[in-house]
Amino acid sequence: MISTLQPPRSLSHFRSNPTLLLRYTSLKPLSSLSSQPVTHSTIPDQSQSPNPPSHSQILSTRHSLLSRHLTATQLAESFLTRLRLTEPHLRSFLHVSDSVLAQARELDEKIQRNEELGPLAGVLVAIKDNICTAEMPSTAGSRVLEGYTPPYDATAVRKIKELGGIVVGKTNLDEFGMGSTTEASAYQVTANPWDISRVPGGSSGGSAAAVSARQCMVSLGSDTGGSVRQPASFCGVVGLKPTYGRVSRFGLMAYASSLDVIGCFGTSVADAGILLHAISGHDRLDATSSKREVPDFSAQFVSMNLLESKPLKGLRIGLIRETLDDGVDTGVTSAVRTAALHLEELGCCVTEVSLPSFSLGLPAYYILASSESSSNLSRYDGVRYGNQVAADELNSQYMDSRAKGFGSEVHYVKRRILTGTYALSAGYYDAYYKRAQQVRTVIQKSFKTALDEHDILISPAAPSAAYKIGEKKNDPLAMYAGDIMTVNVNLAGLPALVLPCGFVEGGPAGLPVGLQMIGAAFDEGKLLKVAHIFEQTLQNCRFVPPLIADEVA
């Protein structure tokens, strides 16, 4: 056991609330609608269970639509109203769809005709702007793709639409996913809903902020070195990075192809898990997608009413010692150790585990990611892809198109391209790229050894809570160091989930801290089970940002 853990907070059980969605939307049930239930799909539907999991907006939406307490149009109007009110403060979105209400009305007509509904029917989903969407701009936060609208949907987006989800719009990001604050977007800077003077994290800051502020129900992001998990920590939401290969990357604009994954954001573990199930599975259009069967993640979301007093009894959890060393804020360390003690009270056996190769991950990651980005982004030359700048000869056209198209902040995209090109150049390949690949193998073996002895590993999601906008913008090394908690997971290709576990001082109502849970490859189900129980039993932590606290109260 860990003798240095702080005294636990008292625990309370959040009971399931069937009127949760009404509370979020401040709308009354429509008494004029028939109470006759509509036909629904054969996919397991926990919204109809007498003990559905708490806090799931997706299941609450389904329950409200099937019982005809609310219409899809009312739900869409409510979220769009909140989006319009909060967007001037947050700037989460680069584009908002003008067809949301039309799609909601179509869904209402299907309900009136008692037609089958998909498991995501009426769920409002935001998409990070480096994931392709037909009939909607997809810029990757870069001027080089300004005005570009793909002719197809990414596989993950297509699956969401096929299951009834409604795409609200495209969210802001650091240019091509290269950044940790969303300040590197070529279009705007997104603010954190907990304190609009602070960053939301990155690079999926827009997707995290949108979910945190309830501008949408769930969202998609991408995670190359922590770009889902770190913003989830900063914004007080759940962020889920799946195993590499679990979700198709087709339609995701490539940054570092061996590290990139599409991930999920939600206000609850259940919502993140349901969204992951919807987008997972083999895709013939992505040679790296796995053919493994996708389990029913919803089976992990058991109501508190059905849990034993020690629901996680016997589970072996390793707290990574190197993630609590110098350089981690004391408030973050305290919150994570308190979370570890919470897990002990739920029946887990928590011990510290050392990963000696942990500190090697950051330099190896930046060599590999930069090298792959220099290759992937070479296509944006104004000829094959990207906006073209007129010039007298070809080399000038290449240079001018890239100089104008890629952001002015040289330590983001341009610096990484230059670094990667250098690492791959003759005479330096063995010293940098090859050695980084060898370190990657060491890290993978280190994780395997630790996970052979533990069911899951835990750590902070970031060394600090959200910091001020502009605070680290001119210090790229300090910004890179903030990725130390997350990059190793991408190098190993493992699944990881971040959920809020406490607060530190700062802002008008404190700043959320995220706990990272890391599992074995393709073991997302175990992560979801543990995180769901943790979430439901956490006391004294209400993760609703002050920007919307009065409305959601």
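When only DSSP loop residues count, what GluC sites (Glu not before Pro) in region 464-553 have their Cβ near at most 13 other Cβ atoms within 10 Å? Display every interim value, and only then the final one.
Values: sites: GLU471, GLU505, GLU524, GLU535, GLU551; in loops: GLU471, GLU505.
Within region 464-553, the qualifying GluC sites (Glu not before Pro) (loop, at most 13 other Cβ atoms within 10 Å) are GLU505.
Of the accessible area of region 230-336, with the probe set at 1.4 angstrom, what percent is carbon plus sulfur? Display every interim value, and only then the final one.
Numbers: 1800 of 3770 Å².
Carbon with sulfur: 48 percent of the solvent-accessible area.
Where only protein heavy atoms count, and the probe is 1.4 Å, what is the accessible area per residue for region 408-506 in Å²?
Numbers: 4330 Å² over 99 residues.
On a per-residue basis, 44 Å².
For a quick check: with amide H placed at 1.01 Å from N, whose amide H comes under 5 Å from SER227's, ignoring anything fewer than 5 positions away on the same chain?
Residues meeting the amide H criterion: SER203.
How large, in percent, is the carbon and sulfur part of the accessible surface of region 53-166 at a probe radius of 1.4 Å? Intermediate results must be reported in sequence, preceding the final value.
Numbers: 2060 of 4130 Å².
Roughly 50 percent, rounded to a whole number.
With r defined as the distance between the Cβ atoms of ASP392 and HIS89 and R0 fixed at 45 Å, what FRET efficiency is calculated, to the nearest 0.05?
On the way: r = 46 Å, r/R0 = 1.02.
In this case the efficiency is close to 0.45.
Sorting check: for 68-74, 224-230, which peptide has the highest mean count of neighbouring beta carbons within 10 Å, and how do the rest follow? Please list the in-between numbers first.
Working: 68-74: 21.6, 224-230: 32.4.
Final packing ranking: 224-230, 68-74.
Where in region 62-127 are there GluC sites (Glu not before Pro) that are in a DSSP coil and have at most 15 other Cβ atoms within 10 angstrom of their Cβ?
Details: sites: GLU77, GLU106, GLU109, GLU115, GLU116; in loops: GLU115, GLU116.
For GluC sites (Glu not before Pro) across region 62-127 that sit outside H, G, I, E and B with at most 15 neighbouring Cβ atoms in 10 Å, the list reads GLU115, GLU116.
Can you give the net charge of the other residues whose Cβ lies under 13 Å from the Cβ of ASP329, counting K and R as +1 and D and E as -1? Display every interim value, and only then the final one.
Values: positive: ARG337; negative: ASP325, ASP326, GLU505.
So the environment of ASP329 carries a net charge of -2.
Counting each DSSP H run of 4 or more residues in the chain as -39500 (n - 2.57), what helix-only mean residue ellipticity at 222 nm follows after dividing by all residues, to the nearest 500 deg cm²/dmol? Please list the in-between numbers first.
Working: 17 runs with 187 residues, N = 553.
Helix contribution divided over all residues of the chain: -10000 deg cm²/dmol.
Would you work out what percent of the accessible area of region 389-533, with all protein chains in place, is carbon or sulfur (probe 1.4 Å)?
Here it works out to 54 percent.
Take the alpha carbon gyration tensor of region 234-300, find the square roots of its eigenvalues, order them as a ≥ b ≥ c, and report rounded if a/c is under 1.5; if not, report prolate when a/b exceeds b/c, else oblate. Before the final figure, lay out the partial values.
On the way: a/c = 2.65, a/b = 1.31, b/c = 2.03.
It is oblate, given that a/c is not under 1.5 and a/b is not larger than b/c.
List the lysines whose Cα lies under 17 Å from the Cα of LYS241, skipping any in the same chain that are fewer than 8 positions away.
Hits, sequence-local ones excluded: LYS128, LYS526, LYS529.
Mind listing P(r) for region 426-493? All alpha-carbon pairs, 5 Å bins, whole percents.
Binned Cα distances yield the sequence 3, 13, 17, 18, 17, 14, 11, 6, 1.
Would you grab the residues whose amide H sits under 5 Å from the one on PHE93? Only those 5+ places off in sequence or on another chain, please, with H modelled 1.01 Å from N.
For PHE93, whose amide H was placed from the backbone, the distant partners under 5 Å are ASN172.
Where the centroid of each part is defined by its Cα atoms, how far is region 214-252 from region 466-534 in Å?
11
The values are calculated or read from the model by the stated rules, or taken from the named source; none is laboratory data. Bear in mind the structure is a predicted one, so any value in this text is a computation, not a measurement. Counting neighbours? That spans all protein chains shown, and the Cβs are built from the backbone with ideal geometry, glycine included. Heavy atoms of the whole protein, side chains included, go into the accessibility calculation; ligands, DNA and RNA do not. Shrake-Rupley method; radii C 1.70, N 1.55, O 1.52, S 1.80 Å.
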